[in-house]
1. So the label point goes 7 Å from the Cα of residue 196 along Cα→C-beta, right? Which residues of region 84-102 then have their backbone N under 20 Å from it?
2. Using every Cα-Cα pair within region 208-297, state what percent have a distance larger than 18 Å.
3. Neighbouring Cβ atoms within 10 Å as the yardstick, rank 247, 114, 192 fewest first.
4. Tell me the label-point distance for the pair residue 237, residue 62, using the 7 Å Cα-to-Cβ offset, in nm and rounded to one decimal.
5. Set the Förster distance to 22 Å, then compute FRET efficiency between residue 187 and residue 125 from the Cβ-Cβ distance, nearest 0.05.
6. Counting DSSP beta bridges in the chain, what percent are antiparallel, to the nearest 5?
7. How would 45, 223 line up from fewest to most surrounding beta-carbon atoms within 10 angstrom?
8. Return the single residue from 295, 209, 237 with maximal mean-square fluctuation; model: Gaussian network over the chain, springs between Cα atoms under 10 Å.
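Bear in mind these aren't lab numbers, they're just calculated from the coordinates by the rules spelled out. All of these numbers come straight from a predicted model, not from anything done at the bench. Cβ placement follows ideal geometry from the backbone for every residue including glycine, while neighbour counts extend to all protein chains displayed.
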């Protein structure tokens, strides 16, 4: 009762009380959405995941289960923790199911028009205190926030892939993002055992502003015949000690996502150095998107990956 009275007094004074996040909604059950669900559920939060098809949710949950099993095998978690995490994850058949969520994270395809459509459909079903976040890797947080009914409660929360293994989350404020929203988001991310890097709301933020042009340059190197797929990846693994070659990494990210980020950089910064390589465009047009389609710069349909050029 005393706590309730204090909250009311803060509200009358125009000061919003600190938010408490207990249930998190995630839109998108793909590689990023399921990865986010993994770390959020393992950290003790209830998670609801929505996707266009229940089959996508089932596939995502299967991936979470397999990754948790790997953590058990490594001794980083106990079987009981795995079981509890899986119990916290549920399927949200529609956006109405996010009505009791304290935070909803959008992890859909890197397509700005699609994200606008999702937020327009989502907002009417959220409670007034709910926060919104986008896992976008390149799109303006200010623009995305402006399509919602709560730009002050909107923030960019860019998790790295694969989410369970990568330590960093980029936090990006839109022009309207309030301090309280930022501090709540930062505390939430840190509660997942992640580190944060704060980026300004410029195209592709920090990580992809640096990483994707490097990948695009590697594609140009292939396109211009400077080296083969195998030679380029070997050169960067052994010559620069990168854990994966840039073309192998592009396949892992998804060539469609790589192209989308480069288009955002090219259009947003109006600099020719960000022009997507024509070969990258051609692969995407062919539907060769990398690991998820079994073909990209490597062919994954056999026992081991084989370069396609």
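1. The answer is 102, whose backbone nitrogens lie closer than 20 Å to the label point.
2. 39 percent
3. 114, 192, 247
4. About 2.8 nm separates the two model spin labels.
5. Numbers: r = 25 Å, r/R0 = 1.14.
It comes out at approximately 0.30.
6. Close to 25 percent.
7. Least crowded to most crowded, the residues run 223, 45.
8. Top of the fluctuation ranking is 237.
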